[in-house]
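Participant: Attaching a single structure in structure tokens format; questions to follow.
The values are calculated or read from the model by the stated rules, or taken from the named source; none is laboratory data. All of these numbers come straight from a predicted model, not from anything done at the bench. A quick note on method: Cβ atoms are made from the backbone with ideal geometry, for glycine too, and the neighbour counts reach across all protein chains shown. Heavy atoms of the whole protein, side chains included, go into the accessibility calculation; ligands, DNA and RNA do not. Shrake-Rupley method; radii C 1.70, N 1.55, O 1.52, S 1.80 Å.
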Amino acid sequence: MSLSGLLSINEVNELDLDQFIWLFGNVIEKRTEACNYVFEKRPFQSAKHIILLYSKYLDTLKQCDQEEILQSHPDLGASCKMTDESVREQGSCGVNDLEQEEREELSELNLRYKEKFGFPFVICARQNKADSILSAMKIRLENDRCG
């Protein structure tokens, strides 16, 4: 392992399947079959190659299976049981620090979004702040389900 604590691509290529699943198991909402798909494509040339393979895995799924993955995402700001990654990601964007009125608005937007589209609102929370997330939810609610 490098001094930064990150594995080199060669070290990733040397992992057995159980180790790979332990490290990469939550890339797509704890879908072991995604890890199996990617693992079988070794050797990896780079981290970007691994990301591309996870994207290709998603492309192989039927729409109903893709939607099932979306449905497994927790609501933003929800107090339900979340993975450690989701807790950190939501904490980094500030949704856990919203005032009561903003929490209620977020909860209402979550509900409307799920009713309209059939799955929770999904956004990369760590690349956004709470106010931009609320704005994005309002904008996306103006969309149609079919595009």
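Participant: Open to solvent by less than 60 Å² (accessible area, probe 1.4 Å) and within 22 Å of the chain's Cα centre (by Cα), is that true of ILE9?
Facilitator: Answer is no for this residue.
Participant: List the number of the failed condition for ASN26; all other conditions in (1) open to solvent by less than 50 Å² (accessible area, probe 1.4 Å); (2) over 27 Å from GLN71 (Cα atoms); (3) modelled with pLDDT under 95 hold.
Facilitator: (2)
Participant: Quick check on my filter: what residues within the stretch 55-79 are open to solvent by less than 50 Å² (accessible area, probe 1.4 Å), in contact (Cβ under 8 Å) with a residue 12 or more places away in the chain and over 12 Å from the mean Cα position of the chain (by Cα)?
Facilitator: TYR57, GLU67, GLY77, ALA78
Participant: Which condition from (1) at pLDDT 95 or above; (2) closer than 16 Å to ALA130 by Cα is the one that ASN110 breaks?
Facilitator: Answer for ASN110: the failing condition is (1).
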